[in-house]
Every structure is written in structure tokens, then in C-alpha cells.
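Written out below as C-alpha cells is the structure these notes cover.
The values are calculated or read from the model by the stated rules, or taken from the named source; none is laboratory data. As the structure is a prediction and not an experimental result, all values here were calculated from the model. Reconstructed Cβ throughout: ideal geometry from the backbone, glycine too, with neighbour counts over all protein chains shown. Note: areas computed on protein heavy atoms with side chains; ligands, DNA, RNA excluded. Shrake-Rupley method; radii C 1.70, N 1.55, O 1.52, S 1.80 Å.
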Amino acid sequence: MNQVLKTAVAVLLMCGAAFADPGPWQRTEVRSDCSTFDTMRSPFFGETHVHTGISFDAVSGGINLGPRDAYSFATGSSLNLPGNPSVRPVQLRRPLDFTAVTDHAEFFGEVHMCLTPGSIGYNSTECTQFRAAIPQTTQSSSLGVVLFGVQLTNDPSSRFAYCGAGGADCLSAASPIWIDTQAAAEEFYDRSATCSFTTFPAYEWTGNPGVQNIHRNVIFRNASVTNLPISYLDESKPQGLWAELRTQCLDAGTGCDVMAIPHNSNLSNGIMFVPENADGSPLTAADAAFRSEIEPLVEVMQHKGDSECHPDISPNDELCGFEKWSSDQIGIPPSLITVVQEPQSYVRGALMEGLVQEQLLGSNPFRMGMLAATDTHNGTPGLAHETDFIDAGHLGLRDATPANQTVPLNIGVVGGIEANGGGLAVVWAEENSRDSLFSAMRRREVYATSGTRPIVRFFGGRIPRNVCRQGTVVDRGYQSGVPMGGEIGPVASKPRFAVMATRDPGAPGFAGTPLQRIQIVKGWVDAMGTAQERVFEVAGDADNGATVDTATCVTSGGGSDSLCEVWTDPTFDRTQRAFYYARVVENPICRWSQVLCNAQGVDCDGGVIPPGLAQCCAAGRPKTIQERAWTSPIWYRPEGVARMRGKVSFGSGVGQDMLRLTLRIGDVPADLDPALNDISVTVSDDDEIYSITIPAGTLLAKGNKFVYTDPSGALNGLKRAALTLTSKGEAVLVVQTVRMDLSNADRTDHMVHVTLRTGDYLATHNRLWRAVGNRFVTSRR
């Protein structure tokens with residue numbers, strides 16, 4: 001913000017006028033400011049995994065809806081899905097706040113050519129067989145669809161012959177599809193001050209090497225995108241995808257920003273989260289850091305099952321059996337393979353491996369927050385409600401009948417009795433705009449739900465013990481700690497965590513379900529360098545007496561409208577890096593399949609079992625479900641920021657401001673060597689408030705201190721810098737400027753982002769700063 005605007009803001013403040021506080025992010029697009037802006041952030045519900053008729057495996061199910069239909073549905077409009085024998089009208093009970101349509105990028109051009117008479121390839125064998133398979137009316141895939149699917153299992157892959165040399169004809173046909181996909185996102189993005197709905201240009205990268213799922217959804221921040229999607233047919237390794245996104249987007253100088261979100265690691269046979277490069281070489285610290293930057297989130301839940309954890313791997317966690325897929329490869333039943341559940345097929349295993357890698361490298365490649373989605377192939381984002389899933393399914397005509405919905409897992413089956421309605425993503429952001437939401441996702445301040453809408457907060461750090469009783473969880477959480485997705489250092493003898501949840505208020509025709517309990521899941525690296533895990537009961541009661549009559553689906557018993565607790569880890573060891581995430585569990589209700597089986601008159605006790613519904617009575621089939629939410633983790637790093645104090649003192653005129661920043665760092669990282677490495681500190685909100693890079697060798701050794709002093713501020717306004725190594729093995733870095741122009745520091749209460757970088761070491765700290773008189777300061781508590 002320039003000085004003229006700063007002065008205008010100051011006048012408005014004196015006159016009592018209201019205006020939007022800044023977010024800790026830059027506005028990268030032209031749009032109106034949102035009329036609703038919450039410094040303490042609001043929860044926005046949305047969907048980042050949606051397929052329409054552009055996707056080969058959606059149109060094959062009889063879906064002819066496009067991205068515009070999907071966005072219209074997300075905002076509350078009704079749609080008609082193909083049915084047997086008649087259409088099926090569907091509508092969300094509650095609209096979404098944001099959506100990204102993510103059609104499979106691999107066959108944008110091929111599908112269009114196959115379905116467009118007169119186009120190159122229309123009369124090819126592959127296109128002829130593909131059209132003959134439309135619509136699929138069973139779960140199993142026909143030859144015409146399999147021909148497309150096989151292309152995604154080869155590594156490296158190749159395009160059909162009709163695509164021409166280098167795939168040029170198919171790529172040419174893909175271009176207008178990608179342009180129209182972007183146009184649809186733009187048409188439904190509310191750029192007015194109302195900020196009612198946000199869209200993101202996006203697509204899915206769909207790799208199945210060896211029938212092992214390594215899919216990613218690619219989400220762009222704004223309208224600056226790559227010329228074409230980068231598909232599995234172009235780059236058959238995730239590392240190749242990331243490298244091209246870096247070249248064509250992040251480093252292109254066009255304002256392009258992007259992230260990739262892996263999903264269905266439960267069907268990856270353990271290859272989704274392997275800590276190595278594409279050529280099998282071990283990761284470097286730089287490799288690990290880039291992976292966590294390009295993939296800050298993971299989809300933990302969707303209609304092909306839950307990927308949090310597995311009871312074979314975490315036998316002491318009774319809730320790891322939730323919505324499990326019986327196979328570990330996509331579209332392959334367990335009867336045809338030997339299923340061995342691998343830790344790195346699950347998010348918790350990846351988070352634990354990330355700690356191990358950080359111990360080895362100094363950087364964590366799997367520092368991922370959690371969200372959920374539906375992966376609908378109907379163009380119906382957010383349709384995750386248990387009852388609504390019965391009416392709509394997610395696979396067009398493939399799951400349009402009770403018999404199709406309840407088939408067992410078989411070759412090519414990606415739905416059936418083991419499927420579910422999927423989940424939702426919840427983003428804590430200041431406003432409903434692309435920049436605000438994307439920045440929240442980048443900093444991992446998000447959580448996942450299995451389809452319901454509880455409100456969940458999670459903070460860690462120097463949290464006062466009485467915040468639940470005083471109702472100050474959010475205010476004190478942002479002042480004295482970090483939210484979900486953040487990192488803390490050795491902030492005290494033991495950090496405290498505050499978790500607060502309120503039940504889903506419900507939707508028209510359906511009341512929300514009471515909360516049963518809150519758990520905190522911890523992963524850590526022990527003294528031997530081995531990853532460990534443990535689940536702690538924090539609030540509520542697993543034995544609250546809540547039950548459900550599966551014959552009628554009537555619920556009864558206790559439960560809570562809200563739960564709140566401040567918790568301290570009784571096993572905390574300040575030398576051991578760890579992560580913590582909250583799991584909020586609702587009371588049991590009938591699973592969608594039980595509701596369907598009851599509605600079809602199935603009697604498993606010697607009575608009637610209608611044709612095609614035998615799976616309703618299969619042994620081990622879950623009849624109930626406990627919907628839940630998972631927060632993004634908070635990471636504890638022994639070498640992280642233990643404490644930060646900051647103050648901007650505003651002078652009486654331009655160029656008279658001054659910054660003093662103190663960072664207390666835990667175990668001194670090896671890279672914090674001012675003789676060998678530059679030290680960079682940046683303080684920012686929506687603008688860069690101050691940034692300094694202190695070249696290696698600039699700080700001069702004086703006993704246990706390294707000091708730089710220059711009253712002239714020749715080095716970007718730096719008056720004094722001091723790095724003190726304490727007797728406890730910690731470090732204290734003090735940075736103080738001369739009087740200078742720091743007008744980019746907005747004079748209102750808002751979030752500020754501080755980063756410290758030296759060598760491969762990076763520490764970040766997001767904190768609420770307060771405007772107090774002529775000062776802008778952090779809380780001392």
C-alpha cells in the first residue's frame with residue numbers, strides 16, 4: 001500500500017470510517033474488495049474434485065453435463081441426472097462457497113474427437129468402440145472405456161495413433177476444451193463485493209502406473225494458467241508434473257500460482273508417498289522443500305474411501321476402519337491380487353514418514369494439510385449427504401439403480417457397496433475470494449469432513465488454559481499460538497493445544513448429528529529415529545450411550561452440541577519432532593447403504609432379499625457410520641520458532657518508522673551459521689513490510705554472539721542484528737531497523753507472516769499483530 005493510500009487510511013481511522021483489514025496475502029487479480037472480511041477468518045465450505053462430461057469416465061456413464069452445470073449446481077441450482085427409466089432431479093441442501101471442476105486432462109482432445117462427427121479420429125477403432133460403450137449401465141467397464149483406461153496404466157504412456165505425430169491433433173483439440181473450462185470458471189466467479197461464490201481453474205492429472213493410483217488435482221490460484229493442462233500422457237511421473245508446473249507456471253513470470261493435491265493414496269499400493277526422486281535417487285533438502293510447497297494438501301476422504309489410516313497398520317486406533325476400500329489398487333478386486341496395506345498408502349503414514357525425512361534432511365516433503373472431496377463423475381459438487389447419495393450416486397448410470405449401487409468390488413468397479421458420498425473441504429479465510437482461499441490452502445489452514453458441516457478450530461502454542469471457559473479460543477489462539485497447518489517450536493516446557501467444535505446445524509429436512517468426542521492424533525520420531533503414533537481422547541465421551549436402530553435408522557442417546565478443550569501432551573519430549581491433528585467424531589447414524597437396503601425392503605433375517613441386493617446382507621458390511629472431521633496438523637519442530645516478538649513504531653512523518661523483531665529459535669539448526677550462510681528475514685501481510693538478507697560473514701563473532709551494527713542503515717535499513725547462542729542450545733535473533741518507511745505495515749489488527757531462512761533451514765510464523773496507538777505489535781502473552 002503506497003504512502004498516499006496509507007495517509008487516507010489513517011484519516012478514515014480518525015474519522016471512525018470502516019474498511020477492510022488486509023489479509024496476509026497479495027491481491028493478484030482485478031476484482032472488488034469483499035464487503036465481508038473477517039480478520040479472525042471464517043469457514044468456507046467447498047469442493048476441489050469434480051468431474052463432468054468432459055471426463056472420459058463420466059461421459060461413458062451417460063453424463064453430458066459440463067463445467068457450467070457443475071458450477072450452477074454448486075450455487076444451489078437443481079440438475080437432472082440420467083436415470084433408469086427416468087431422469088433423477090438432484091439439488092444440494094446447502095450451496096457451496098467455492099468449487100474447482102477437475103476433469104481428467106488426459107483425454108480432453110481425444111473424447112471431443114471421438115464424439116464429434118467429421119473430426120480426425122472419429123472413425124478410428126478406439127473412438128468407435130468408445131461410442132459403442134456409451135452409456136455404461138453397469139459398474140464394470142466395457143472394452144471401449146478400458147482402452148482409454150489402459151493408456152493411464154502404462155509408464156511411460158503414449159497417445160492413440162489418431163492423435164497424429166507427437167499427439168498434435170489431440171492437443172489441438174484439447175485447447176478449446178481447456179479454454180472453455182477456464183471461461184466457465186470465470187463466468188461463475190463472483191468478482192463483485194458480494195463474494196458469494198468462488199471458482200478455480202483446475203484439472204486432474206490421472207496416473208495409474210501398474211494400476212496403482214497416483215492421481216493429483218491441479219488447482220490454479222487465478223486466471224493465469226498454463227497454455228494446456230500437463231497430463232499423465234505428457235509427464236508420467238509426479239516429479240515431471242511438478243517440474244513442468246514450476247517452469248510453465250511458478251517461474252513463468254505471468255502471475256501464475258498453482259498447487260497439486262494427491263488423492264486416493266489408499267489405492268496406490270504404497271507408491272503415492274515414496275520419499276525419492278523420479279529416478280529413484282534419495283531426496284535432497286531442496287527436493288523435499290519443493291514437494292511440500294507444490295503439494296501442501298492431501299485429499300484424505302472421497303467416494304472411493306478414506307485414506308487417513310488403516311487398522312492393519314494402526315491396530316490400536318479403533319476408528320481406522322472407517323470407510324475402508326478392500327483393495328489397494330484402483331479397479332482391481334482383492335480376489336485377484338494379494339493385498340498388503342502399506343503405511344505410505346495412508347496420510348498418517350505419509351505424515352510420519354515426513355518427520356523421519358525431516359530428521360534426516362532438515363526438510364519435510366510430506367507436510368500436508370487435509371481436505372476432502374466427492375470425486376463425483378456426475379457434475380454434482382458437494383453432494384455428499386448420506387441420503388442424497390442414494391438418489392444421485394457419483395457415476396451416472398453406473399450407479400443409478402439400487403442393484404448397481406450395492407455391487408461388490410470387481411474388475412473396473414470404482415463404486416458399489418464400498419463407495420460413499422465423499423466429503424467436503426473447509427477453508428479458514430478472511431473472505432470468499434480466490435486469493436484469500438488459495439492462500440489459506442497454501443498455509444494449510446483447512447480441514448476435511450466426511451460430508452457433514454461441523455465447525456472446527458485447532459490452535460497450538462502458548463495457549464492460556466482458560467480460553468474455553470472464557471470464550472477466547474480464537475482471539476488468544478491467533479495471538480499466542482498458530483492455527484491448524486502451522487508450526488511451533490519449543491514454546492514452553494510443554495505446548496498447549498486448544499480444540500473447539502460445534503455440531504453441524506443441519507440442512508432442510510435433516511437435523512445435524514450431535515458430537516460424540518474429540519481426539520488428538522500424535523505422530524512423532526523417537527530417540528531411535530523411528531516414527532510412532534498415538535491417539536488421545538480429549539473431549540466428549542465414546543461411551544455416551546448414543547445408538548441407532550438400524551431397522552428404522554432412528555437415533556437416540558446423548559451427545560454434545562459443542563465441545564472445547566485445552567490439552568497438553570503428557571508424553572511431550574522437546575527433543576522429538578512431532579505432528580498433532582484433531583479428529584472430531586459425531587454420534588452414529590445409518591450408513592447410506594443401510595438406508596437404501598431398508599427402503600428396498602431387504603430382510604436379512606431369513607426374509608426377502610430382492611434380486612441384486614445380496615450385498616445388503618453380506619457379512620461385515622457396515623450398517624452405521626460416524627461422520628467426522630480431520631483438521632490439518634500442527635507440526636512441532638525442536639528447531640522451530642519458540643517465541644516471537646515484533647514491534648513497528650510509527651513516526652510522525654514519512655520515513656520515521658522503525659521495526660524491532662526478536663525470534664527465539666529452539667535447537668540451533670546446523671545451517672544457522674552466519675559465517676557460512678546468508679540469513680534472510682521477511683515480515684509481510686498483503687505487502688512486504690520489511691525484508692533483509694544479511695550476507696554470510698556480515699555478523700561478527702563476539703563471544704557467544706554474532707553482531708552487526710550500522711547506524712546509517714546502509715544494508716536495507718538494518719541498524720542492528722544480533723544472533724545469540726544460549727547455554728541451553730537455543731538461539732535468539734534480533735533485527736532492528738533505523739528510522740525508515742514501513743508504511744506497508746497496515747495500522748489495524750491483522751495477521752502477519754514472518755519467515756526466517758538460512759541455508760536449507762526455513763521457519764515460518766503466522767501471528768495476529770495488534771494496532772496500539774502509534775505501534776503495531778505482537779501480544780506479549
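Candidates are the residues of the stretch 347-403 that are among the hydroxyl-bearing types (Ser, Thr, Tyr) and open to solvent by 10 Å² or more (accessible area, probe 1.4 Å); the one that is farthest from the chain's Cα centre (by Cα) is Thr401. Taking the listed residues Ala714, Ala721, the one that is of a type in the set (A, V, I, L, M, F, W, C), over 25 Å from Gly461 (Cβ atoms) and either under 31 Å from the mean Cα position of the chain (by Cα) or open to solvent by 20 Å² or more (accessible area, probe 1.4 Å) (or both) is Ala714, with no other qualifying. Does the stretch 568-583 contain any residue that is crowded, with 16+ Cβ neighbours inside 10 Å and farther than 19 Å from Lys494 by Cα? Checking the stretch 568-583: at least one residue is crowded, with 16+ Cβ neighbours inside 10 Å and farther than 19 Å from Lys494 by Cα. Quick one: His394 ticks every box in (1) in contact with a Gly (Cβ under 6 Å, 6 or more places away or on another chain); (2) modelled with pLDDT of 95 or more; (3) not hydrophobic (A, V, I, L, M, F, W, C) bar one, so which box is it? Here His394 meets the rest and fails (1). The set of residues from the stretch 90-139 being open to solvent by less than 40 Å² (accessible area, probe 1.4 Å), farther than 30 Å from Leu437 by Cα and in a loop (DSSP other than H, G, I, E, B) comprises Ser119, Gly121, Ser124, Ala133, Gln136, Gln139. Whenever a residue of the stretch 178-194 is under 15 Å from Ala100 (Cα atoms) and open to solvent by 10 Å² or more (accessible area, probe 1.4 Å), its partners that are of a type in the set (Phe, Trp, Tyr) and outside any loop (DSSP other than H, G, I, E, B), lying with C-beta atoms within less than 7 angstrom and at least six residues away or across chains, give the pairs Phe188/Tyr71.
Scanning the stretch 140-161 for residues that are of a type in the set (Gly, Ala, Ser) and assigned to a loop (DSSP other than H, G, I, E, B), we see that the one that is surrounded by the most Cβ atoms within 10 Å (Cβ to Cβ) is Ser141. If you go through the stretch 330-361 and pick out every residue that is aliphatic (A, V, I, L, M), closer than 18 Å to Cys320 by Cβ and either outside any loop (DSSP other than H, G, I, E, B) or in contact with a helix residue (DSSP H, G or I) (Cβ under 8 Å, 6 or more places away or on another chain) (or both), you end up with 4.
Here Phe160 clears all of (1) farther than 24 Å from Pro67 by Cα; (2) touching a residue at least 60 places away in the same chain (Cβ under 8 Å) except the condition numbered (2).
Here Arg660 fulfils each of the conditions (1) among the charged types (D, E, K, R); (2) farther than 27 Å from Gly422 by Cα; (3) assigned to a loop (DSSP other than H, G, I, E, B) apart from (3).
Considering every residue within the stretch 719-734, establish whether at least one is assigned to a loop (DSSP other than H, G, I, E, B) and at pLDDT 95 or above.
No, every residue in the stretch 719-734 fails to be assigned to a loop (DSSP other than H, G, I, E, B) and at pLDDT 95 or above.
Can you name every residue in the stretch 362-377 that is in a strand (DSSP E or B) and more than 18 Å from Arg628 (Cβ to Cβ)?
Matches in the stretch 362-377: Thr376 only.
Restricting attention to the stretch 511-532, does a residue exist that is touching a helix residue (DSSP H, G or I) at 6+ places or on another chain (Cβ under 8 Å) and within 30 Å of Ala403 (Cα to Cα)? No: zero hits.
Looking across the stretch 749-764, the residues that are part of a strand (DSSP E or B) and in contact with a Ser or Thr (Cβ under 8 Å, 6 or more places away or on another chain) come down to His750, Met751, Val752, His753, Val754, Thr755, Leu756, Arg757, Thr758, Leu762, Ala763, Thr764.
Mind listing whichever residues of the stretch 534-569 are free of Cβ contacts under 8 Å to residues at least 12 places away in the same chain and part of a loop (DSSP other than H, G, I, E, B)? Asp543, the sole residue that qualifies. Remark: pairs (first residue in the stretch 329-341, more than 16 Å from Val414 (Cα to Cα); second residue of a type outside the set (A, V, I, L, M) and surrounded by fewer than 13 Cβ atoms within 10 Å (Cβ to Cβ); Cβ separation under 6 Å; 6+ apart in sequence or on different chains) are absent.
For Ala670, the conditions (1) under 26 Å from the mean Cα position of the chain (by Cα); (2) at pLDDT below 95 all hold with the exception of (1). The set of residues in the stretch 759-768 being open to solvent by less than 40 Å² (accessible area, probe 1.4 Å), under 18 Å from Val734 (Cα atoms) and out of contact with any Pro (no Cβ under 8 Å at 6 or more places or on another chain) consists of Ala763, Thr764, His765, Arg767. Residues in the stretch 481-519 that are modelled with pLDDT of 95 or more and hydroxyl-bearing (Ser, Thr, Tyr) were compared, and the one that is surrounded by the most Cβ atoms within 10 Å (Cβ to Cβ) is Thr513.
Taken over the stretch 603-645, the residue count meeting the criterion of being buried (at least 22 other Cβ atoms within 10 Å of the Cβ), assigned to a strand (DSSP E or B) and either more than 25 Å from the chain's Cα centre (by Cα) or not aliphatic (A, V, I, L, M) (or both) is 6. When the residues of the stretch 291-328 are filtered to those that are part of a helix (DSSP H, G or I) and over 19 Å from Val356 (Cα atoms), the one that is most open to solvent (accessible area, probe 1.4 Å) is Glu318. How about the stretch 265-290: which of its residues are within 20 Å of the chain's Cα centre (by Cα), surrounded by 23 or more Cβ atoms within 10 Å (Cβ to Cβ) and not hydroxyl-bearing (Ser, Thr, Tyr)? Residues satisfying the conditions are Asn266, Leu267, Met272, Phe273, Ala288. Taking the condition farther than 27 Å from Ala492 by Cβ and surrounded by fewer than 22 Cβ atoms within 10 Å (Cβ to Cβ), does Ser684 pass? Here the answer is no, as Ser684 does not meet what is asked.
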